[in-house]
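The values are calculated or read from the model by the stated rules, or taken from the named source; none is laboratory data. Given the structure is predicted, the values throughout are model-derived calculations rather than measurements. All Cβ positions, glycine included, derive from the backbone under ideal geometry; neighbour counts span all protein chains shown.
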Amino acid sequence: MEQNINKNELPQVAKLPGVCIPWEEKLREIPEISGDPQIAKKVWEDVDALGYTYVWHCLVSF
Amino acid sequence: MTPSHPLYDAMISGDAEAARCVTVRTLAEGVAPLSLVNDYMIPAMEDAGKRFAAGEYFVPDLLIRARAMKTAMAILRPLLVAAQIKSAGRVVLGTVNGDVHDIGKNLVGAMLEGCGFEVVDLGVNVSPEKFIAAINERNPHIVGMSALLTSTMYSMKTTIDAMVQAGVRDKVKVLIGGAPVTRQFAQEIGADGSSNNAVGAVAVAKMAMGLQIESTAGVYWRTA
Amino acid sequence: MTDPVQNETVSDRNSRLYDERLRRYVTAMRNGKPDRIPMRPFVAEFAAKYAGYTCQEVTHDYEKAFAAARKCAADFDWDAVVGNMVYVWTGLTQAIGLKYYGVPGIDVPPDTGFQYHEPSEENAFMQPDDYDALIADPTAFLFNVWLPRVSSDVAPIGSPATYRNNLSFLKGGMAMWNYFMGFGRQVDLLRTESGTVHAISGILKAPMDILADKLRGYVGLCMDLHERPEKVRKACEALAPHLLHVALSGADPQKNVPITIWMHRGCVPFVSYKHFNEIYWPTLKPIVLEIWRRGHQTLFYAEGKWGAHLDAFAELPDGSIIYHVDQDDVFEVHKKIGHKFAISGGIPNVLLSFGKPKEIREYCKKVIDSVARDGGYIMDASAIMQNDMSVENMRAWTEFTHEYGVY
């Protein structure tokens, strides 16, 4: 295989279905949420799921 | 009777590394290459074929044995060629024009090789012109064509027609195979024989060479 | 079809037809007896041929593929079809640079359907020592290891970012979005233009099939089953919850039409009974049970011969699946599991493509008389229909099913 990758260097992503980067991980990058955290969480998760859909449909459908 | 030899055992257990080691060691002990092929390798592949036909073995069982066989054969073939040992027959093999499926074709190639044939594999999506060129250049006894799809199987007919046009059809026996291939289809397009599985492919290739076979199950062979 | 209603507008007619067809199709899938046998032909490149397109045109331009499927749906009185059974769109696959396609007009002749090109064992997209990474985190593995290997453009992790890498994600993501939106419109158009039901919704693959198809390759999988069966089992277990998630995310919210599983490598003779019983089925069955628990049926599109595994499928709850017959003996399948599940297909493609209309009628009569007698049967070919299918035979087959399939 032409691409030998050191597996230790791989970015860690969540193991849960539907998730690429969990909200909890993103939350650690945000200093403070003054507004409603649920709004921020929902939007993050909805859009994150699109990334998940992309790669899994590449595998399963195409 | 089951031969008792570590090469036979390595083939049966599908242990490619053991097959390689035993082959090297046995040759160093002075055993003739042809005797390794005839006494242990062919019986092991034929045993696998019989078990497959009986429903006891599955394709993975054939593949792992074929891999062990190929490992040993890679060492033995140059020696057999140097000693001008004749194979059971020379087969030109390919998946026909428009079809890129090769698992079945590769398995057929491996089984033929394991049963003493010389195989020239032309790959996939092989045009009639390439088959004809291979007939002229390699002088095979048999041309084997494979297709997986009903939409590509008529490329077999196109190829046979082109062989007739080029005046080479009668130089070879034409055998066809693949999931959709039936006896009726083989007759219709003027093939000499067919089979829908890799073990049957060996049987029909042997028939084409006038060799004896034990079972004709799943095999079509044109009778004059 | 019921008698035409006087003074009915086209829109009312299509709406009425849709309701009738949906009821007929769903009733049969629930193993019930509708007014007549529903017909649901999975027409792929046949639709292109019928509408006057080449395989290249429908594979490269999904609007043509959609138009072809709608033309078939409008001209033939079928109950349900798939919006685009060719399903692959090269706009998307080329945006990502996917290496495993044999593309019509590029890798295969323009009038041959697209095919999957499986790499050799040594060039498999996943190697034996990748199992642990896949098992630990399948999504990460797909993004970081698999995608760079199956794509000509995606750069491996750790290598410099490239223009082609960045573009592949942008174009690939937007192309996929476009195509899925287009599919949504197609479902609506089938309903409004011809009153035809979209036959399926949601895609499933068995964990071991996906491992063979897209990761290790079939030959690689065979070697693994021999040398590292435990890794294979663990990989299948790791893939299973994700495959369930993907299947459910595409499921019909109305719970009418089934999620389809395209099954191939678990059958005879591709894996042994032992490997089916110890890996293939135990990692697939829980997915199907969970889909059923959520209220959806699964259409088992059982490519190849699965007759030896019917007892395993019979462990599933009554009505949880529709069993599609490819190379199995449809009469035997009906005897064995017809009391539990509806059955579809079983009409050989070779007969439909190259047989005479009379032979097709005779064979279908036999199937209808024995398999469909008490309902629970959906008329379809054994496999998807490509451009070898004859238009004349398609007409004869459809007409006969309508005439003789009335209960």
Inset, instruction - Might you let me know whether the range C:75-86 holds any residue that is within 13 Å of another protein chain (Cβ to nearest Cβ), over 20 Å from the mean Cα position of the chain (by Cα) and either farther than 23 Å from C:GLN186 by Cα or not hydrophobic (A, V, I, L, M, F, W, C) (or both)? - result: no
Legend entry - Of all residues making up the range C:302-334, the number that are within 14 Å of chain B (Cβ to nearest Cβ) and either among the aromatic types (Phe, Trp, Tyr) or part of a helix (DSSP H, G or I) (or both): 4
Inset, instruction - Exactly one condition in (1) assigned to a helix (DSSP H, G or I); (2) farther than 30 Å from C:LYS305 by Cα is not met by B:LYS50; state its number. - result: (2)
Inset, instruction - State whether one or more residues within the range C:119-132 are more than 14 Å from chain B (Cβ to nearest Cβ), buried (at least 22 other Cβ atoms within 10 Å of the Cβ) and either β-branched (Val, Ile, Thr) or closer than 30 Å to B:TYR154 by Cα (or both). - result: no
Inset, instruction - State whether one or more residues within the range C:197-210 are aliphatic (A, V, I, L, M), under 22 Å from C:THR93 (Cα atoms) and surrounded by 21 or more Cβ atoms within 10 Å (Cβ to Cβ). - result: yes
Inset, instruction - Working only within the range C:184-233, note down all residues that are closer than 30 Å to C:ILE378 by Cα and acidic (Asp, Glu). - result: C:ASP188, C:GLU193, C:ASP209, C:ASP213
Legend entry - Candidates B:ALA203, B:ALA186, B:ALA224, filtered to the one that is farther than 30 Å from C:ALA381 by Cβ, in contact with a Ser or Thr (Cβ under 9 Å, 6 or more places away or on another chain) and either assigned to a helix (DSSP H, G or I) or at pLDDT below 90 (or both): B:ALA203
Legend entry - Neighbours by Cβ (under 8 Å, 6+ apart or cross-chain): first from the range B:141-167, facing chain C (nearest Cβ under 9 Å) and farther than 21 Å from B:ARG90 by Cα; second small (Gly, Ala, Ser) and assigned to a helix (DSSP H, G or I): B:LEU148/B:GLY104; B:THR150/C:SER353
Legend entry - Filtered residue count, the range A:17-54, keeping only those that are among the small types (Gly, Ala, Ser) and under 9 Å from the mean Cα position of the chain (by Cα): 3
Legend entry - Single residue of C:ALA73, C:ALA47, C:ALA68 found to be in a helix (DSSP H, G or I), crowded, with 21+ Cβ neighbours inside 10 Å and free of Cβ contacts under 8 Å to residues at least 24 places away in the same chain: C:ALA68
Legend entry - the range C:254-269: number of residues that are modelled with pLDDT of 95 or more and over 19 Å from the mean Cα position of the chain (by Cα): 1
Legend entry - Test set (1) part of a loop (DSSP other than H, G, I, E, B); (2) more than 14 Å from chain B (Cβ to nearest Cβ) - C:PRO110 fails condition number: (2)
Inset, instruction - Hey, can you tell me all the residues within the range C:265-279 that are more than 12 Å from C:PHE313 (Cα to Cα) and part of a helix (DSSP H, G or I)? - result: C:TYR273, C:LYS274, C:HIS275, C:GLU278, C:ILE279
Inset, instruction - From C:ILE360, C:ILE368, C:ILE378, grab the single residue that is in contact (Cβ under 8 Å) with a residue 24 or more places away in the chain and within 20 Å of the chain's Cα centre (by Cα). - result: C:ILE378
Inset, instruction - Answer yes or no as to whether B:GLY116 is of a type in the set (Gly, Ala, Ser), over 20 Å from B:GLY49 (Cα atoms) and in a loop (DSSP other than H, G, I, E, B). - result: no
Inset, instruction - Could you tell me which of the residues C:VAL58, C:VAL26 is buried (at least 17 other Cβ atoms within 10 Å of the Cβ), under 19 Å from the mean Cα position of the chain (by Cα) and over 19 Å from C:ASP188 (Cα atoms)? - result: C:VAL58
Legend entry - Candidate set: the range C:147-168, residues that are surrounded by 19 or more Cβ atoms within 10 Å (Cβ to Cβ) and within 20 Å of C:VAL88 (Cβ to Cβ); chosen: the one farthest from the other protein chains (Cβ to nearest Cβ): C:ASP153
Legend entry - One residue from B:ALA88, B:ALA166, B:ALA191, B:ALA83 being crowded, with 17+ Cβ neighbours inside 10 Å and either at pLDDT below 95 or out of contact with any Leu (no Cβ under 9 Å at 6 or more places or on another chain) (or both): B:ALA88
Inset, instruction - State yes or no: is B:MET145 of a type outside the set (Gly, Ala, Ser), crowded, with 18+ Cβ neighbours inside 10 Å and outside any helix (DSSP H, G or I)? - result: yes
Legend entry - Residue tally, condition within 14 Å of another protein chain (Cβ to nearest Cβ), closer than 16 Å to B:LYS130 by Cβ and of a type in the set (Gly, Ala, Ser), over the range B:79-108: 1
Inset, instruction - Kindly provide the set of residues from the range B:122-140 that are more than 14 Å from chain C (Cβ to nearest Cβ), part of a loop (DSSP other than H, G, I, E, B) and either touching an Asp or Glu at 6+ places or on another chain (Cβ under 7 Å) or within 9 Å of B:LEU93 (Cα to Cα) (or both), ordered by number. - result: B:LEU122
Inset, instruction - Taking the options C:TYR87, C:TYR131, name whichever one is part of a loop (DSSP other than H, G, I, E, B) and of a type in the set (Phe, Trp, Tyr). - result: C:TYR87
Inset, instruction - Hey, can you tell me all the residues within the range B:104-124 that are of a type outside the set (S, T, N, Q) and free of Cβ contacts under 8 Å to residues at least 40 places away in the same chain? - result: B:GLY109, B:GLU118, B:VAL119, B:VAL120, B:ASP121, B:LEU122, B:GLY123, B:VAL124
Legend entry - Selection status of C:PHE169, out of contact with any strand residue (DSSP E or B) (no Cβ under 8 Å at 6 or more places or on another chain), within 17 Å of A:LEU50 (Cα to Cα) and in contact (Cβ under 8 Å) with a residue 12 or more places away in the chain: yes
Inset, instruction - Check every one of the helices (runs of 4 or more DSSP H) wholly within the range C:335-407 and list those with 2 or more residues that are farther than 19 Å from C:GLU303 by Cα. - result: C:357-370, C:391-404
